[in-house]
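Worksheet: one structure, shown below.
Taken together, the values in this text are just the output of simple stated rules run on the coordinates, not laboratory data. None of these values were measured; they are calculated from a predicted model. Please note: Cβ atoms are built from the backbone with ideal geometry, for glycine as well, and neighbour counts cover all protein chains shown.
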Amino acid sequence: MPLHTKVDESARDAELEINPIYFREKTCEIPRYRLPEHGVLPRTALQVVRDELILDGNARLNLATFVTTWMEPEAELLMAECAPKNMIDKDEYPQTAELERRCVNILSNLWNAPAGSQATGCSTTGSSEACMLGGMALLWRWRARRQAAGLDAAKPNLVMGSNVQVCWEKFCRYWQVEPRYVPMVPGRLHLRGAEAAAKCDENTIGVVAILGSTMDGSYEPVLEISQALDQVQAEHGCDIPVHVDGASGGFVAPFLHPDLEWDFRVPRVASINTSGHKYGLVYPGVGWVIWRTPDALPEDLIFKVNYLGGEMPTFALNFSRPGAQVAAQYYNFLRLGSQGYQHVQQTCQDIALYLSGEIAKMGQFELFTDGSDLPVFAFKLRDDITTYSVFDLSERLRQRGWQVPAYTFPADMTDTSVMRIVIRNGFSMDLASLLLDDIRLQLRILEHHPQTQPPPEIQQMRQSFKH
Ligand SMILES: Cc1ncc(COP(=O)(O)O)c(C=O)c1O
């Protein structure tokens, strides 16, 4: 969450301006930064808050986010009914706990956990928490192995591509693990086996493989990375586990790329996370993490909560958490089934491939990806186009309501500026055609009105898109 600072109230309007027709009183003062002395009627509060929110973007036109922006009314009804339930109260809401258990089992099967392996997992607030838990299990296991062998356990490191999502940087900083990033280079925009293996040593707690990359939607080759680590083990004796960050791909690959070996079919994959609130098709905040076997999850990370007169093992960073998202995840599993998920993800992919193909045909752009892994693609302007930038185009599209982010790639490609489009359930072929019309129109305008570069502080703001 952003950190907010206490406002100097003398410097800004300290009161909210309220439309007088909302009040029966002649005037009503609502302080902006202090708790009002008196309340208002529910309808008034609703209207005031709605008015505050009208400048938020239209979620359906947000092509930046991976997170679900549309669910059908029945799912919304179920979520509203479950809003009061706290996921941690397993004893009070045993059926919500049961739905969570079923979801973990459904995902274990979807990710090919070996029969009898007793794959173990839980729901989380999203992939960030799930990655944190996955990383902690790697760290605890590595430390226990080192200590049992009487070896130094002070300098753990984690190997990953520089294209990882910020949650892995957080994991490393919060748990004092050295992040070993493999930089992106032109022609290799994500981690590959040889580069991962070259960074590993006896202090490596694990390698993170991403399915697919937040930067461009491409899948990292989990099998190739795992085979390179087999080689490391054969040569140096280090047995290094892989965690697959399937924040998006965990719900895409099983339906669109069923023959791709990226999951528990690969013996070195110890754990996998996904976001139920991305291609799992649930509103934010639910994620999942599953370990191949119970011993991949060290016992001393587990806490017990009351459950039907007994105790239920839990692993989480926070305590209270809404139960509605878990019920909605189970709703989606029932409602769609395997065929339904396949149909939804295939439709997204068809639209992504159509859009990327049309954008490539325009002539001004070069594609990095086309949406054939995740239904997500990234592209840049041709190098010889210098009179406007992807940031100018992104801003112009924003004026029409489209949110298409422009950003620079991470190390070592920070001088490459790209745009990325994420296609999610609810974005139709019709909307895609309208977006293409708007891109063509804005390009014509930009070509006739060369842009001057804004001052550095404005350029910085244009980079403010967060992955
Ligand atoms: C690869 C990857 N990992 C982790 C995350 C964090 O996921 P969440 O937003 O569910 O916490 C994201 C978010 O985009 C992601 O793309």
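Summary of computed values
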item: Theoretical ellipticity at 222 nm over the chain - DSSP helices of four or more residues, -39500 (n - 2.57) apiece, nearest 500; result: -12000 deg cm²/dmol
item: Cα gyration tensor shape of the chain, rounded if a/c is under 1.5, else prolate or oblate by comparing a/b with b/c; result: oblate
item: Relative contact order, percent, segment 347-416 [alpha-carbon distance under 8 Å, six or more residues apart]; result: 20 percent
item: Relative contact order (percent, whole number), the chain, Cα cutoff 8 Å, 6+ residue spacing; result: 19 percent
item: Cα centre as origin, Lys/Arg/Asp/Glu Cβ charges: segment 8-103 dipole, Debye; result: 160 debye
item: Peptides 118-131, 257-270 ordered by average Cβ neighbours within 10 Å, highest first; result: 118-131, 257-270
item: Within segment 266-307: backbone nitrogen closer than 16 Å to the residue 336 label point (7 Å, Cα to C-beta); result: 274-288
item: Positive-pole candidate from 108, 133, 79, dipole of the chain, charges at beta carbon; result: 79
item: Length released on extending from residue 261 to residue 51, taking residue separation times 0.36 nm less the Cα-Cα span; result: 70.7 nm
item: Segment residue 115-residue 234, extension gain: residue separation times 0.36 nm, minus the distance between their alpha carbons; result: 40.1 nm
item: Förster-model FRET efficiency, 60 Å R0, residue 33 and residue 72, C-beta, rounded to 0.05; result: 0.95
item: Only Lys, Arg (+1) and Asp, Glu (-1) charged, at Cβ; segment 47-115 dipole about Cα centre in debye; result: 320 debye
item: Selection from 122, 309, 282 lying farthest towards where the dipole of the chain points positive, charges on Cβ; result: 309
item: Förster radius 22 Å - calculated FRET efficiency between residue 65 and residue 343, Cβ distance, rounded to 0.05; result: 0.50
item: Additional length obtainable on full extension of the chain from residue 101 to residue 353, 0.36 nm per residue less Cα span; result: 87.1 nm
item: Sparsely packed chymotrypsin sites (Phe, Trp or Tyr not before Pro) within segment 319-352, loop by DSSP, other Cβ within 10 Å at most 12; result: 319
item: Residues residue 452 and residue 312, FRET efficiency given R0 of 60 Å [Cβ-Cβ distance, rounded to 0.05]; result: 0.45
item: Nitroxide proxy distance, nm - points 7 Å out along Cα→Cβ at residue 295 and residue 175; result: 2.0 nm
item: Contact order normalised by residue count of segment 37-130, Cα under 8 Å, 6+ apart, percent; result: 13 percent
item: Nearest-20 debye value, the chain charge dipole, Cβ charges on Lys, Arg, Asp, Glu; result: 240 debye
